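Worksheet: one structure, shown below.
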Amino acid sequence: MILATQSRFNNRGNAHNAKGEHDQAIADFSEAIRLNPTYANAFYNRGRAHEDRGEHDQAIADFSEAIRLKPNYADAFINRGLAYQNKREHDKAIVDYSGAIRLDPTYANAFYNRGNAHSDKGELDLAIADYSEAIRLDPKYAHAFNNRGNAHNAKGEHDQAIADNSEAIRLDPTYANAFYNRGVAHSDKGELDLAIADYSESLRLDPTDADLFLNRALALQAVGALDQAIADYSQVIRLDARNANAFYNRGNAHKAKGEIDEAIADYSEAIRLNPTSADALNNRGVAHRAKGELDQAIADHSEAIRLNPLSANAFYNRALVHEARGGHDQAIADYSEVIRLNSTFALAFYNRGIAHEKKGDTAAALADFQAYQRLVPDDPDAAAAIERVNKQKPRE
């Protein structure tokens with residue numbers, strides 16, 4: 001009678017858990033365990049309910065007890081591995097997945113999950129090997145193809161990534177993430193139209209994914225479709241009003257359209273959401289300069305530099321503002337810092353040369369224009385500047 005009762009509690013717990021009623025499920029599994037403290041399946045099922053609630057430590061405790069009671073319980077090893085992985089304890093997860101594989105070398109899901117743990121650790125070759133074994137064991141494993149594709153893309157192997165994501169799509173044409181990931185691979189290859197098509201299909205399948213709108217917006221912006229990009233950034237913001245990246249990039253699109261006030265408003269919101277965004281501060285400074293608001297521009301570039309002293313762009317843009325205000329010495333100092341940070345920043349040499357020329361330092365100007373010409377030999381402005389400065393040199 002006790003055996004039948006404990007089974008009823010366990011089974012009812014599974015039914016509650018399947019409905020998302022985790023509290024009731026845990027109560028039923030606990031009662032089954034009270035009736036039979038050696039009931040490994042009840043510990044396992046209670047562990048799954050705890051994991052579904054995000055209670056990783058309780059889940060690990062239950063899976064561990066299930067394994068103690070039933071040492072050959074491969075599913076318990078798998079699920080304890082998942083709980084460890086959700087805690088970012090990847091090495092422990094790998095040990096558990098390997099334990100499941102030792103118990104059942106044909107367990108495709110164990111190879112798949114171990115591949116995920118290796119991928120999370122950045123061990124991409126090991127991840128690819130595990131995904132490949134999962135696929136060998138289950139050639140219709142769409143998620144394994146998708147994730148192997150992601151690992152290939154992370155290695156810069158975009159063609160292999162596209163092939164794997166495409167196979168995942170063939171196996172499951174409703175797999176929104178596979179379209180998304182193939183879009184990322186196309187984007188990384190510079191195939192933006194194909195990327196946009198994949199992002200669009202992914203959005204058709206899952207129209208509530210803010211990341212999909214964001215990636216499509218970035219691709220649309222890259223091909224110059226600014227109005228469509230702005231519409232997508234706005235959708236991201238509608239779905240996630242605290243997405244600083246969406247405000248920042250929408251600001252970039254507005255700035256590219258010459259809509260400076262809108263750009264400043266978006267950069268300001270991005271900065272409010274993420275006060276350490278040096279890029280947003282730098283770009284807001286550029287927008288302020290476009291409006292002639294030079295004090296605000298200097299303030300923004302200076303704060304960007306404080307946050308990121310290695311930002312050559314921020315020094316360069318502050319130099320432009322100093323130059324606009326007639327501050328040649330400050331401009332020269334900033335251009336010099338740009339060149340120190342990036343010795344191939346050609347315009348920094350050219351503009352520093354202009355500043356030197358305005359100060360009457362023709363020797364320094366000539367050296368900078370010649371450096372610019374070495375970096376950009378086909379620009380006629382370099383030759384014209386050199387000729388102009390040479391005419392200004394004092395005659396001996």
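The values are calculated or read from the model by the stated rules, or taken from the named source; none is laboratory data. As the structure is a computational prediction, the values presented were derived from the model and not from experiment. Note that we place each Cβ from the backbone using ideal geometry, even for glycine, and neighbour counts take in every protein chain shown.
Taking the range 252-305 only, how many residues are over 25 Å from the mean Cα position of the chain (by Cα) and more than 23 Å from Glu323 (Cβ to Cβ)?
4
Quick one: is Tyr350 of a type in the set (Ser, Thr, Tyr) and under 20 Å from His322 (Cα atoms)?
yes
Determine, yes or no, whether Ser268 is under 30 Å from Pro309 (Cα atoms), among the hydroxyl-bearing types (Ser, Thr, Tyr) and touching a residue at least 12 places away in the same chain (Cβ under 8 Å).
For Ser268, the condition - under 30 Å from Pro309 (Cα atoms), among the hydroxyl-bearing types (Ser, Thr, Tyr) and touching a residue at least 12 places away in the same chain (Cβ under 8 Å) - is met.
From (1) in a helix (DSSP H, G or I); (2) surrounded by fewer than 17 Cβ atoms within 10 Å (Cβ to Cβ); (3) aliphatic (A, V, I, L, M), pick out the condition that doesn't hold for Leu310.
(1)
For a quick check of your reading of the model, give me the residue pairs whose first member lies in the range 29-49 and is farther than 9 Å from Gln6 by Cβ, whose second is in a loop (DSSP other than H, G, I, E, B), with beta-carbon atoms closer than 6 Å and at least 6 apart or on different chains.
Between residues of the range 29-49 that are farther than 9 Å from Gln6 by Cβ and residues that are in a loop (DSSP other than H, G, I, E, B), the close pairs are Ala40/Lys70.
Let me confirm something: among Ala384, Ala363, Ala319, which residue is among the small types (Gly, Ala, Ser) and either under 37 Å from the mean Cα position of the chain (by Cα) or crowded, with 20+ Cβ neighbours inside 10 Å (or both)?
Ala319
Quick one: which residue in Asp295, Asp266, Asp329 is assigned to a helix (DSSP H, G or I), within 30 Å of Asp361 (Cβ to Cβ), not hydrophobic (A, V, I, L, M, F, W, C) and not assigned by TED's automatic domain parsing to the domain that holds Gly360?
Asp295
Tell me the helices (runs of 4 or more DSSP H) entirely within the range 1-116 that contain at least 3 residues that are over 30 Å from Ala129 (Cα atoms) and within 37 Å of the chain's Cα centre (by Cα).
Qualifying helices (runs of 4 or more DSSP H): 2-18, 22-35, 40-52, 56-69.
Exactly one condition in (1) in a helix (DSSP H, G or I); (2) surrounded by fewer than 24 Cβ atoms within 10 Å (Cβ to Cβ); (3) basic (Lys, Arg) is not met by Arg148; state its number.
All conditions are met except number (2).
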